[in-house]
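K.L.:
This is the structure I want to talk about, given as structure tokens.
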Amino acid sequence: MNPDELLRAELTRVARVLGAPDTVVPVLERPRDPAHGDWATNLAMTLAKPLGKKPREIADALVALLDLAAAGVAETTIAGPGFINFRIDAGAHAKPLAQILEQGAAYGRSTGGAGRPVNVEFVSANPTGPLHVGHGRQAALGDAISALLEGSGWQVTREFYYNDGGVQIENLAKSLWVRVAQRVGIDVPIPEGGYNGEYIKEIAERFVAEHGAPSPEVLLPGAEAIVAGSRPADAALFDAMRRFGVAALRAEQDLDLKAFGVRFDVYFLESSLYTDGKVEETVGMLVQGGHAFEQDDALFLRTTDFGDDKDRVMRKRDGTYTYFLPDVAYHVTKWKRGFTRAINVQGSDHHSTVTRVRAGLQALEIGIPAGYPDYVLHQMVTVMRGGEEVKISKRAGSYVTVRDLIDEVGRDAVRYFFLMRKGDSQLVFDVDLARSQSEENPVYYIQMAHARLSGIFRVGEVDAAAVTADGVQWDCLAEPAERELVASLLDYPRLVAGAADALEPHRVAAYLLETARLVHGWYHKHHVLGEPEHIMRARLALAKASRQVIANGLAVLGISAPERM
């Protein structure tokens, strides 16, 4: 048992001796100031009412009855109205480092998920252009959330939902048609709502290279139709351009994701919901269930029955469906594929879809719970360079792409900066800071801590694999800087479990930064090599454990742990 577990067990025993109810469970927390001890409890205040005594009196009684040796406690103090602070014996405090040395990369992992399936959908960008920085933040969040859940014993499926239909795809095809027309000398502007980026020109070039240039007699009337707000008469050519553009941009986005180190298990196409009849089937179920009604030649769903502020249109007057309906059909497929837990990572602009989709799923009355799916919504990203906002990309034109940032500062920095703030907070990405090799750059600071620890073994010509807990005198790790670092390392499993439960990987990012601070402080204050054998062995064990925990945390965030910098 870890020191906190031993202490909690002893406090529970003593509380029962004093007559505490069985429902009372002692709570242990780290004091804000390490000088006050390793653990603190408010148990005396909790017991004041059931025991009918003053907290200070109960605190005195608890301390008097404690078996300090059994709990591994070296010192106790009572503060304020009845807080009890505990300082754990140095040897007992550091001994659990043996678990880190033994478990290695598995340290911090748990089995709470019990192998149950969970679907994590993220990015899901329309295939109309390269991935922008908002998609990048979502990719980092979704991937880190997936890693946290995997580390908690869940069987995770990473899923990308391609919206390969609708108005945006129509505008993509029109934009591509115009760029092809421009290539053969036809002077025609990009239509309103179209895509102006250089990447459309590149796709047009590739289309012509693979399929040949269509004749001006076909392209000109088609371009004129597009400018007038309609589709070209040559439906076959227009459809060929649409398919080519979507395929090209899907491949482009896949390269973006590969450069970012993000992989997916499933790519789900929105178009399949129509070809497989899932959308029509969903409409039929909603109508049959009595939650749909027609008004002004449109089909509505009574989403107000399920908490929405107004009823929503499912099928418009022209017979086309709103986005909300295929989203409902899509989530039905998730449920039927066995994902009784599903998590969607999306931008904050999707806030209004949460209620609609959940209402639609409830209206189907097929057993899907009210809170399905879970949503993690994130704010957008502002990119700064030289103190000024960067708004456009050379290729994309109207926005900054993920690839732009990766090329500027590297994958690791992009991932950390995207994850260092809670998802629902605004994020300012400072390119200059991310590129700097200084203590002000958090990812550099963390990776440098790992590299410094690795350097201890390299310089000392010590085989890290041979460093084990055997024969280590743990009470040698008694210096304040060592005790703080040990406490941080032992808190990692609780930290990562809490981050997984809350779906908040920024907690891991913050933990790593604080742990790196403790590593650097210890490294500067205390020598490892050249010390007496028993001290060196204990500090080598601490160095190896620290390096392992930092590597484990960085792995959760998808960031490398370099041995040299």
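The values are calculated or read from the model by the stated rules, or taken from the named source; none is laboratory data. Remember, it's a predicted structure, so these values are computed and weren't measured experimentally. So basically every Cβ, Gly included, is an ideal-geometry build from the backbone, and we count neighbours across all protein chains shown.
K.L.:
Scan the range 457-467 for residues that are surrounded by fewer than 21 Cβ atoms within 10 Å (Cβ to Cβ) and either in contact (Cβ under 8 Å) with a residue 24 or more places away in the chain or not assigned by TED's automatic domain parsing to the domain that holds P532 (or both) and jot them down. Write out each step before concluding.
P.N.:
Keep residues of the range 457-467 that are surrounded by fewer than 21 Cβ atoms within 10 Å (Cβ to Cβ), which gives 458-467.
R458, V459, G460, V462, A464, V467 - these are the residues of the range 457-467 that are surrounded by fewer than 21 Cβ atoms within 10 Å (Cβ to Cβ) and either in contact (Cβ under 8 Å) with a residue 24 or more places away in the chain or not assigned by TED's automatic domain parsing to the domain that holds P532 (or both).
K.L.:
Select from the range 374-393 the residues that are part of a loop (DSSP other than H, G, I, E, B), aliphatic (A, V, I, L, M) and touching a residue at least 40 places away in the same chain (Cβ under 8 Å) and list them in ascending order. Can you show your working first?
P.N.:
Looking only at the range 374-393, we keep the residues that are part of a loop (DSSP other than H, G, I, E, B), and these are 379-380, 386-387, 391-393.
Filter again for aliphatic (A, V, I, L, M), leaving 380, 392.
Within the range 374-393, just M380 meets the criteria.
K.L.:
In addition: Check the range 189-199 and report whether any residue there is charged (D, E, K, R), part of a helix (DSSP H, G or I) and in contact (Cβ under 8 Å) with a residue 40 or more places away in the chain.
P.N.:
Pass one, the range 189-199, residues charged (D, E, K, R): 192, 198.
Remaining after also requiring part of a helix (DSSP H, G or I): 198.
Add one more test, that the residue is in contact (Cβ under 8 Å) with a residue 40 or more places away in the chain, and what stays is 198.
Yes.
K.L.:
Here's something else I'd like to know. Within the range 8-22, how many residues turn out to be surrounded by 12 or more Cβ atoms within 10 Å (Cβ to Cβ) and over 34 Å from the mean Cα position of the chain (by Cα)? Let's see the steps before the verdict.
P.N.:
Residues of the range 8-22 that are surrounded by 12 or more Cβ atoms within 10 Å (Cβ to Cβ), as a first pass: 8-16, 18, 20.
Filter again for over 34 Å from the mean Cα position of the chain (by Cα), leaving 9-16, 18, 20.
So the count comes out to 10.
K.L.:
From (1) within 20 Å of V120 (Cα to Cα); (2) within 22 Å of the chain's Cα centre (by Cα); (3) of a type in the set (K, R), pick out the condition that doesn't hold for R403.
P.N.:
R403 satisfies every listed condition except (1).
K.L.:
So for the range 309-319 (the condition being in contact with a helix residue (DSSP H, G or I) (Cβ under 6 Å, 6 or more places away or on another chain), surrounded by 12 or more Cβ atoms within 10 Å (Cβ to Cβ) and among the charged types (D, E, K, R)), does at least one residue qualify? Quick ask: steps written out before the conclusion?
P.N.:
Of the residues in the range 309-319, the ones in contact with a helix residue (DSSP H, G or I) (Cβ under 6 Å, 6 or more places away or on another chain) are 311-312, 314.
Adding the requirement that they be surrounded by 12 or more Cβ atoms within 10 Å (Cβ to Cβ) leaves 311-312, 314.
Filter once more, keeping what is among the charged types (D, E, K, R): 311-312.
Looking for residues that are in contact with a helix residue (DSSP H, G or I) (Cβ under 6 Å, 6 or more places away or on another chain), surrounded by 12 or more Cβ atoms within 10 Å (Cβ to Cβ) and among the charged types (D, E, K, R), one finds at least one in the range 309-319, hence yes.
K.L.:
Let me ask something else about it. Check off (1) of a type in the set (A, V, I, L, M, F, W, C); (2) closer than 30 Å to E479 by Cβ; (3) part of a loop (DSSP other than H, G, I, E, B) for I84 and give me the number that stays unchecked.
P.N.:
(3)
K.L.:
Hey, among D470, D430, which residue is surrounded by fewer than 19 Cβ atoms within 10 Å (Cβ to Cβ), modelled with pLDDT of 95 or more and over 14 Å from A538 (Cα atoms)?
P.N.:
Working: D470 fails: over 14 Å from A538 (Cα atoms).
Step by step, each of D470, D430 is checked, and only D430 is surrounded by fewer than 19 Cβ atoms within 10 Å (Cβ to Cβ), modelled with pLDDT of 95 or more and over 14 Å from A538 (Cα atoms).
K.L.:
On the given criteria, is R250 in contact with a Lys or Arg (Cβ under 9 Å, 6 or more places away or on another chain) and among the basic types (K, R)? Steps first, answer last, please.
P.N.:
Working: in contact with a Lys or Arg (Cβ under 9 Å, 6 or more places away or on another chain): no; among the basic types (K, R): yes.
Here the answer is no, as R250 does not meet what is asked.
K.L.:
What's the number of the only condition in (1) in contact with a Lys or Arg (Cβ under 8 Å, 6 or more places away or on another chain); (2) in a helix (DSSP H, G or I); (3) touching a residue at least 40 places away in the same chain (Cβ under 8 Å); (4) not hydrophobic (A, V, I, L, M, F, W, C) that G134 fails to meet?
P.N.:
(1)
K.L.:
Being closer than 23 Å to H350 by Cα and in contact with a Phe, Trp or Tyr (Cβ under 8 Å, 6 or more places away or on another chain) is true for just one of V414, V376, V402. Which residue is that?
P.N.:
Details: V414 fails: closer than 23 Å to H350 by Cα; V376 fails: in contact with a Phe, Trp or Tyr (Cβ under 8 Å, 6 or more places away or on another chain).
Being closer than 23 Å to H350 by Cα and in contact with a Phe, Trp or Tyr (Cβ under 8 Å, 6 or more places away or on another chain) holds for just one of V414, V376, V402, which is V402.
K.L.:
Spot the failing condition for G104; the list is (1) at pLDDT 95 or above; (2) over 29 Å from the mean Cα position of the chain (by Cα), and only one is missed.
P.N.:
Answer for G104: the failing condition is (2).
K.L.:
Does the range 92-100 contain at least one residue that is over 28 Å from L11 (Cβ atoms) and crowded, with 16+ Cβ neighbours inside 10 Å? Steps first, please.
P.N.:
Filtering the range 92-100 down to residues over 28 Å from L11 (Cβ atoms) leaves none.
Within the range 92-100, none of the residues are over 28 Å from L11 (Cβ atoms) and crowded, with 16+ Cβ neighbours inside 10 Å.
K.L.:
Every residue in the range 484-499 that is within 12 Å of A510 (Cα to Cα) and of a type in the set (V, I, T), please.
P.N.:
V496
K.L.:
Hey, among the residues in the range 32-82 that are charged (D, E, K, R) and in contact with a Phe, Trp or Tyr (Cβ under 9 Å, 6 or more places away or on another chain), which one's surrounded by the most Cβ atoms within 10 Å (Cβ to Cβ)? Spell out the reasoning first.
P.N.:
If we filter the range 32-82 for residues that are charged (D, E, K, R), which is where we start, we get 32-33, 38, 49, 53-54, 56-57, 60, 67, 75.
If we keep only those that are in contact with a Phe, Trp or Tyr (Cβ under 9 Å, 6 or more places away or on another chain) as well, we get 38, 75.
Values: D38: 27, E75: 12.
Checking each candidate, the answer is D38.
K.L.:
Then there is this: List the pairs whose first member sits in the range 137-154 and is without any contact (Cβ under 8 Å) to a residue 40 or more places away in the chain, whose second member is surrounded by fewer than 24 Cβ atoms within 10 Å (Cβ to Cβ) and of a type in the set (D, E, K, R), and whose Cβ atoms are under 8 Å apart, counting only residues at least 6 apart or on separate chains?
P.N.:
Within 8 Å, the pairs are S146/R158.
To keep it simple, each residue is scored yes or no on (1) part of a loop (DSSP other than H, G, I, E, B); (2) charged (D, E, K, R).
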{"residue": "R317", "(1), (2)": "yes, yes"}
{"residue": "V328", "(1), (2)": "no, no"}
{"residue": "T333", "(1), (2)": "no, no"}
{"residue": "G338", "(1), (2)": "yes, no"}
{"residue": "Q346", "(1), (2)": "no, no"}
{"residue": "V354", "(1), (2)": "no, no"}
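K.L.:
When you go through (1) surrounded by fewer than 17 Cβ atoms within 10 Å (Cβ to Cβ); (2) out of contact with any helix residue (DSSP H, G or I) (no Cβ under 7 Å at 6 or more places or on another chain) one by one for G521, which number turns out not to apply?
P.N.:
(2)
K.L.:
Within the range 436-479, how many residues turn out to be of a type in the set (A, V, I, L, M, F, W, C) and either closer than 30 Å to V414 by Cβ or touching a Cys at 6+ places or on another chain (Cβ under 7 Å) (or both)?
P.N.:
Residues that pass the stated criteria total 9.
K.L.:
Still on this model: Mind checking which residues of the range 324-344 are out of contact with any helix residue (DSSP H, G or I) (no Cβ under 8 Å at 6 or more places or on another chain), touching a residue at least 24 places away in the same chain (Cβ under 8 Å) and surrounded by fewer than 17 Cβ atoms within 10 Å (Cβ to Cβ)?
P.N.:
Answer for the range 324-344, where residues must be out of contact with any helix residue (DSSP H, G or I) (no Cβ under 8 Å at 6 or more places or on another chain), touching a residue at least 24 places away in the same chain (Cβ under 8 Å) and surrounded by fewer than 17 Cβ atoms within 10 Å (Cβ to Cβ): R337, G338, T340.
K.L.:
A further question on this structure: Just checking, which of A359, A396 is in a helix (DSSP H, G or I) and buried (at least 20 other Cβ atoms within 10 Å of the Cβ)?
P.N.:
On the way: A396 fails: in a helix (DSSP H, G or I).
So the residue among A359, A396 that is in a helix (DSSP H, G or I) and buried (at least 20 other Cβ atoms within 10 Å of the Cβ) is A359.
K.L.:
Kindly establish whether M536 is in contact (Cβ under 8 Å) with a residue 40 or more places away in the chain and on the phi < 0 side of the Ramachandran plot. Before you say what the answer is, go through the steps one by one.
P.N.:
Details: in contact (Cβ under 8 Å) with a residue 40 or more places away in the chain: no; on the phi < 0 side of the Ramachandran plot: yes.
Taking the combined requirement at face value, the residue does not satisfy it.
K.L.:
Being in contact with a Ser or Thr (Cβ under 7 Å, 6 or more places away or on another chain) and more than 21 Å from A94 (Cβ to Cβ), is that true of even one residue in the range 447-468?
P.N.:
Checked against the condition, which is being in contact with a Ser or Thr (Cβ under 7 Å, 6 or more places away or on another chain) and more than 21 Å from A94 (Cβ to Cβ), the range 447-468 yields no hits at all.
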